[in-house]
1. Take the Cα coordinates of region 233-376, assign each an equal point scatterer, and use the Debye formula without solvent to give log10 I(q)/I(0) at q = 0.17, 0.20 Å⁻¹.
2. Just tell me, in residue order, which DSSP H segments of the chain are both 30 angstrom or longer along the helix axis (alpha-carbon based) and at least 1.6 in mean Kyte-Doolittle hydropathy.
3. Can you show me the helix-derived [θ] at 222 nm for the chain, built from DSSP H runs with n ≥ 4 at -39,500 (n - 2.57) apiece and divided by the number of residues, rounded to the nearest 500.
4. Lys339's amide H: which non-local residues (gap 5+, or another chain) put their own amide H closer than 5 Å, with H modeled 1.01 Å from N in plane and none for Pro or chain starts?
5. So how exposed is His287, as accessible area in Å² (1.4 Å probe, rounded to 10)?
6. Roughly how large, in nm² to one decimal, is the mean projection of the convex hull of the alpha-carbon atoms in region 185-254?
7. Share of Cα-Cα pairs in region 258-334 beyond 20 Å, in percent?
8. Could you give each residue of region 84-96 its phi-based ³J(HN,Hα) in whole Hz, using Karplus coefficients 6.51, -1.76, 1.60 with θ = phi - 60°, and x for Gly or Pro?
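The values are calculated or read from the model by the stated rules, or taken from the named source; none is laboratory data. None of these values were measured; they are calculated from a predicted model. Methodologically, a virtual Cβ is constructed for each residue, glycine included, from the backbone with ideal geometry; neighbour enumeration extends over all protein chains shown. The accessibility values were calculated without ligands, DNA or RNA, using every heavy atom of the protein model including side chains. Shrake-Rupley method; radii C 1.70, N 1.55, O 1.52, S 1.80 Å.
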Amino acid sequence: MEQERVMIEMSENLQDHASSALVSVGAVKLENGETLNNVVVYVEWVGDLLRHREQAILLCHALTGDAHAFDTAEKPGWWGPLIGAGRALDTERHVVLCMNVLGGCSGTTGPLSMCDTTGQPYAGQFPEITIRDMVRVQYLALCALGITRLYAVLGGSMGGMQALEWACSYPSFVLHAVVLAAPLVFSAIAIGYNAVMRQAIERDPAFHQGDYGRYGVIPKDGLTVARMLGMITYRTASLFEERFGRSISDSGMLEVERYLVYHGEKLVSRFDANSYLRLLTAMDGHHLGRDRGTLADAFARITARVTLVGIQDDLLYPPDSIRLAACAAREAGVDAVYKEITSVYGHDAFLLEFEQLDEIFRDALARAVPRNTIAR
């Protein structure tokens with residue numbers, strides 16, 4: 001069994017009620033045929049892992065997110081207000097886990113990791129990965145931790161793509177899937193945005209074909225510009241107009257430009273450019289029906305109850321497309337519902353509209369599950 005090769009290094013120092021682990025899942029064969037040796041996964045969780053291993057909730061993070069989804073004394077989590085005793089993601093009834101994705105740069109194997117054949121970081125030689133590769137590694141890590149069933153898997157944007165893949169790849173393991181601001185198939189316009197971000201990084205003179213670490217530099221200008229474009233797609237025109245208009249900062253720079261530069265430079269301080277590129281490529285390849293026949297064939301694999309959530313004025317994944325996806329899922333026999341978040345924030349609303357998220361999560365996770373869908 002694959003999970004028999006795992007090793008776990010655990011810590012309980014995040015906070016009294018929180019734990020973390022670096023889980024080794026051994027060698028993993030990727031969809032492209034390459035094998036990554038000695039893959040490790042960084043996991044954080046809150047709640048009683050032993051008691052609730054059949055009531056686990058997995059959270060999947062977005063492009064530049066990480067495993068720190070819940071609040072601790074040292075650092076807020078990206079879904080912190082939703083996680084805890086009596087909250088929508090109730091830690092008295094569930095153990096709530098989150099992992100840094102394969103290819104990331106926050107503890108899980110990725111371009112910054114050492115390659116066992118060269119003794120050097122993978123850097124630009126890290127292989128291309130897919131959303132399915134990410135999910136398979138998560139599955140192996142959960143098995144290593146003794147998780148025997150997911151009561152729910154939830155995620156937004158790239159995390160929502162993972163949640164969809166979980167429901168399709170491991171149907172007997174998942175009871176509920178909550179998919180926020182994520183498509184069934186990555187669209188041409190979204191691929192286009194990613195292409196521009198990729199070009200910005202790769203054309204930076206400091207990129208050195210991804211081997212910038214060897215030269216003691218980073219492609220900070222390229223990564224800054226990539227993030228600036230990303231920030232435009234994550235918000236709405238009305239928000240930018242209301243917040244910035246044509247106002248000018250004290251430095252003489254237009255406020256909207258200053259805002260975008262700030263967020264671009266902020267990402268450079270915490271994220272690896274090679275990881276950014278690998279995750280962009282994984283998103284480009286997202287297609288629920290790939291190698292499964294049609295989308296209807298992919299839906300036929302799903303036994304989980306699925307909640308698909310669109311966001312008003314989402315530039316990346318318009319709510320109408322997600323509403324249609326929910327209709328297609330129901331026509332294929334999936335127990336699927338559609339919900340919509342109303343927000344001026346656009347795509348990023350899945351990280352900001354906590355009151356609406358609270359209501360959606362409580363409704364989704366309270367729905368009864370037919371006994372014949374429960375994994376044994």
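1. The Cα Debye sum returns log10 ratios of -1.16, -1.31.
2. The answer is none, since no helix passes both cut-offs.
3. Here the helix-only value at 222 nm equals -10000 deg cm²/dmol.
4. Leu308, Val309, Gly310
5. In the full protein context, His287 sits at about 70 Å².
6. Mean projected area of the Cα convex hull: 6.9 nm².
7. Numbers: 1615 of 2926 pairs.
Across region 258-334, Cα pairs with separations above 20 Å total 55 percent.
8. x, 4, x, 8, 4, 9, 7, 7, 7, 10, 9, 9, 10
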